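The values are calculated or read from the model by the stated rules, or taken from the named source; none is laboratory data. Keep in mind it's a predicted model, so treat the numbers as computed, not measured. When we count neighbours, we look across all protein chains shown, and the Cβ atoms used for this are built from the backbone with ideal geometry, even at glycine. Remember, those area values only see protein heavy atoms, side chains included, never the ligands or the DNA or RNA. Shrake-Rupley method; radii C 1.70, N 1.55, O 1.52, S 1.80 Å.
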Amino acid sequence: MNFPRAACTGFCFLFLLSFGAGATDSAINGYQPKWWKDAVVYQVYPRSFQDSNGDGVGDLKGITSKLDYIQGLGITVIWLCPHYDSPNADNGYDIRDYRKVMAEFGTMADFDELLKGVKQRHMRLVLDLVVNHSSDEHRWFVESRKSKDNPYRDYYIWRSGKGGQEPNNWVSFFSGSAWKLDPATNQYYLHLFAEKQPDLNWDNPKVRREVYDLMKFWLDKGVDGFRMDVIPFISKDPNFPDIPSQYATRPQYFYTQGPRLHEYLQEMNREVLSKYDMVTVGEAFGVTLEQTPMLVDERRHELNMIFNFDAVRLAHPGRLWTGWALPQLKAIYSAQNQQLDVHSWNTVFLSNHDNPRIVSTFGDDSADYRGASAKLLATMLLTLKGTPFIYQGDELGMTNYPFHKIEEFDDIEVKNGWKAEVLSKKVTAEDYIANLRRTSRDHSRTPMQWDATANGGFTTAAKPWLAVNPNYKEINAKQEEGDNNSIYHYFGKMIAFRQHAPALVYGGFEDLDPQNAKIFAYTRTMGDEKYLVILNFSRDAMTYSLPKGVKAGKLEMSNLGSAEEHVSEVKLRGWEARVYRVEN
Ligand code: NOJ
Ligand code: CA
């Protein structure tokens, strides 16, 4: 039985609805109820969350010290970005030892304390599983590269060159070829990311066994699941054909087409996932919406959910910022709603550690509208259909960093791109930086802004590993916790509201006005419970007439303190958001 472990705060109503009548697995609106469908997830990037020992780097003790803050928001699940031993070529996404904690982040005892603290607060902990590749410093790779007949040779993907060139035209996401010639054996190894992130060879059953064992190691400690890094890339076409030209600018859609992906995920499910009460969410960069049910349809026994990148990358589908328009965003949500039936569950997110800040990208981070637009985005994230994922700091309305020069960045993607594009004179330095001001991953990696003291209270060190956004004196947790009208408290109220409104979790979705360029108006309906969400994605004040037959009834949530109720047209201010009960 899917027993909600959380204290009976939010979901008692849902709980009674699903189990109260003695039914065990009775469906809600056609869906199997699961704790991870009701969940609200908070993503923690450990390096930037809270430094406990003054070395300028966030750590596990720091996270443990902030669990009350996270719980105070009403969060039920924490996703922890990689905390494993790593030389940090890609901030922990290059793992040297899957069973060890990164020394900078603390010890295994610190991890156990963190897990205990999470459980004590009736939350759950999801870890990052990064097994498409390891670090080149992992002992498997250290062995593998020694000789062609080393027992670990086949743990990775080695090929001879072709006519003195790389084996094929595959490219790395961090610039250049995806193949690196290793002098010891004069063969190339594959790395879809940095040179220090060699791809593991999933066709080798020993590799798969190693992965299942390390998953069990953490699950047996009591963690509640995994977010799986670029999991659809694990199967490679053994013939290693060139990337066809139609995928040249978006190779991720090619790398997800490996022939044995579903076989491996089903095996993983049989061997590991099915044995635990856990959740899996696949990072499905390069998976189309049409392919999504192949990964998440519960009857296929692969993953529970995936991250689809159509919305989060709408304004920068490739490296370059293109801008975005509201009807495009709405069309993405409608398409997801149509494509995924009751057997496939969705996620909702607009930011993470690989994307810029939500309020700077989808809202308006000017002084006048930052608060309203951050709250509007909270309203949307928590009323769309799918499990919401909130990235650390977005609950405070943290903004993009005002980057001006290359030295201010940490990200390997940025540094490699600088060499490949700017130093080679393909792109000017000004254009390169101007684009990063909108798109860089480092915007979301600047430290959490806890208070108005030096470095936002993130660290007592003079210099944190990445600079704190200079706006920390105005935007910080302490200030927002003390202001009942803050973005932080609005997030908390929205989360609480969602947790008492089963229709917002399991109800149907309908976009009432798909072409409207400024207003996103939609309903979430389950039986008699029907909500109307109205979001003004612009600075313009306007009177919005609801579509024929729709009447806004009782006002449930409002980001600007409106009192308008029981109306067929609403007078909206810039970036205003409201949630109504629908009146018949
Ligand atoms: C996706 C992760 O989210 C990103 O941060 C990382 O650089 C790549 N995968 C490689 O692991
Ligand atoms: Ca530290």
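How many percent of the alpha carbon pairs in region 99-167 exceed a separation of 21 Å?
Value for region 99-167 (Cα pairs over 21 Å): 52 percent.
Lys493: which lysines have alpha carbons under 16 Å from its alpha carbon, excluding same-chain residues fewer than 8 sequence positions away?
Correct list for Lys493: Lys375.
From the mean inverse distance of alpha carbon pairs (Kirkwood) and the Cα radius of gyration, derive Rg over Rh for region 383-540.
Radius of gyration over Kirkwood radius for region 383-540 works out to 1.08.
Relative to the longest principal axis of the C-alpha atoms of the chain, give the angle of the C-alpha long axis of helix 370-381, reported between 0 and 90° and rounded to the nearest 10°.
Compared with the principal axis, the helix lies near 80 degrees.
To the nearest 500 deg cm²/dmol, what mean residue ellipticity at 222 nm is calculated for the chain from DSSP H runs of n ≥ 4 alone, each contributing -39,500 (n - 2.57), summed and divided by the residues?
Here the helix-only value at 222 nm equals -7000 deg cm²/dmol.
According to the Kirkwood expression over distinct Cα-Cα pairs, how big is the hydrodynamic radius of region 36-113, in Å?
In region 36-113 this quantity evaluates to 13.0 Å.
Can you tell me the order of 148-155, 222-229 when each peptide is scored by its average per-residue count of other Cβ atoms within 10 angstrom, highest first?
My ranking of the peptides, most packed first, is 222-229, 148-155.
For region 329-452, what are Rg and Dmax over the alpha carbons, in angstrom?
Over region 329-452's Cα set, Rg and Dmax evaluate to 17.0, 51 Å.
Quick check for me: using +1 on Lys/Arg Cβ and -1 on Asp/Glu Cβ, what's the dipole size of the chain about its Cα centre, in debye to the nearest 20?
280 debye
Using a 1.4 Å probe on the protein chains only, how many percent of the accessible area of the chain belongs to carbon and sulfur?
Reported share for carbon and sulfur atoms: 50 percent.
Cα atoms only: what Rg and Dmax, in Å, come out for region 193-252?
Every Cα atom of region 193-252 included, Rg and Dmax give 15.1, 46 Å.
Indicate, rounded to the nearest 5 percent, the antiparallel portion of the DSSP beta bridges found entirely in the chain.
Roughly 65 percent of the DSSP beta bridges within the chain come out antiparallel.
Name all residues of region 530-547 having a backbone nitrogen under 16 Å from the label point set 7 Å from the Cα of Lys571 along its Cα→Cβ direction, giving them as ranges.
Once the point is set 7 Å along Cα→Cβ of Lys571, 540-546 turn out to lie under 16 Å by backbone N, inside region 530-547.
Apply the Debye scattering formula to region 124-268, with a single equal point scatterer on each alpha-carbon and no solvent, then give log10 I(q)/I(0) at q = 0.11, 0.17, 0.20 Å⁻¹.
Values returned for q = 0.11, 0.17, 0.20 Å⁻¹ are -0.42, -0.99, -1.32.
Report relative contact order for region 61-113 in percent, whole number only (criteria: Cα-Cα under 8 Å, sequence separation at least 6).
28 percent
Find the relative contact order for region 36-130 and round it to a whole percent, using C-alpha pairs within less than 8 Å whose residues are 6+ positions apart.
30 percent
How high is the relative contact order of region 226-296, in percent, counting Cα pairs under 8 Å that sit 6 or more residues apart?
Reported as a whole number, the value is 50 percent.
When the Cα atoms of region 298-337 are enclosed in a convex hull and the volume is divided per residue, what value in Å³ results?
78 Å³
List, in order, the whole-Hz ³J(HN,Hα) value for each residue of region 575-583 obtained from phi through the Karplus relation with A = 6.51, B = -1.76, C = 1.60 and θ = phi - 60°; use x for Gly and Pro.
Per-residue couplings from phi come out as 6, 7, 10, 9, 10, 10, 6, 7, 9 Hz.
Stretch Thr107-Ala454 to full length: gain in nm at 0.36 nm per residue minus the Cα-Cα span?
Gain in length upon complete extension: 122.2 nm.
When the convex hull of the C-alpha atoms of region 473-519 is computed, what volume per residue in Å³ does it have?
Value for region 473-519: 113 Å³ per residue.
Using every Cα-Cα pair within region 85-210, state what percent have a distance larger than 26 Å.
Of all Cα-Cα pairs in region 85-210, 30 percent lie more than 26 Å apart.
Starting from the Kirkwood radius over alpha-carbon pairs of the chain, derive D by Stokes-Einstein at 10 °C in a medium of 1.306 mPa s and give it in µm² s⁻¹.
D = 64 µm²/s.
Explain nothing, just the number: dipole magnitude of region 452-584 about its Cα centre with +1 on each Lys and Arg Cβ and -1 on each Asp and Glu Cβ, in debye rounded to the nearest 20.
That gives region 452-584 a dipole magnitude of about 240 debye.
Take the Cα gyration tensor of region 422-513, multiply each eigenvalue by 5, square-root it, and list the three semi-axes largest first, rounded to whole angstrom.
The answer is 34, 26, 10 Å, longest axis first.
Picking from Phe491, Val142, Leu377, whose Cα lies most toward the positive end of the charge dipole for the chain (charges on Cβ: Lys, Arg +1; Asp, Glu -1)?
Projecting each Cα onto the dipole axis, the largest value belongs to Leu377.
Using only the alpha carbons, work out the radius of gyration and Dmax of region 241-360 in angstrom.
Answer for region 241-360, Rg first and Dmax second: 15.6, 44 Å.
For a test of the definition: using alpha carbon positions, the gyration tensor, and the 1.5 limit on a/c, classify region 161-226 as rounded, prolate or oblate.
prolate
Sorted from largest down, what three extents in whole angstroms do the Cα atoms of region 485-584 have along their principal axes?
34, 32, 23
Can you give me the angle between helix 205-221 and the longest principal axis of the chain, using Cα atoms only, in degrees from 0 to 90, rounded to the nearest 10?
The angle comes out at about 40 degrees.
Which of His133, Pro514, Tyr264 sits farthest toward the positive end of the charge dipole of the chain, with +1 on the Cβ of Lys and Arg and -1 on the Cβ of Asp and Glu?
The residue sitting farthest along the positive end of the dipole is Pro514.
Compute the helix-to-body angle for 261-271: its Cα long axis versus the longest principal axis of the chain, expressed 0 to 90° and rounded to tens.
80 degrees
What does the net charge come to around Phe509 if you take all other residues with beta carbon closer than 12 Å to its beta carbon, with K and R at +1 and D and E at -1?
Every neighbour counted, the sum reads +2.
Report the Cα centroid-to-centroid distance between region 39-56 and region 514-580 in angstrom, as an integer.
36 Å
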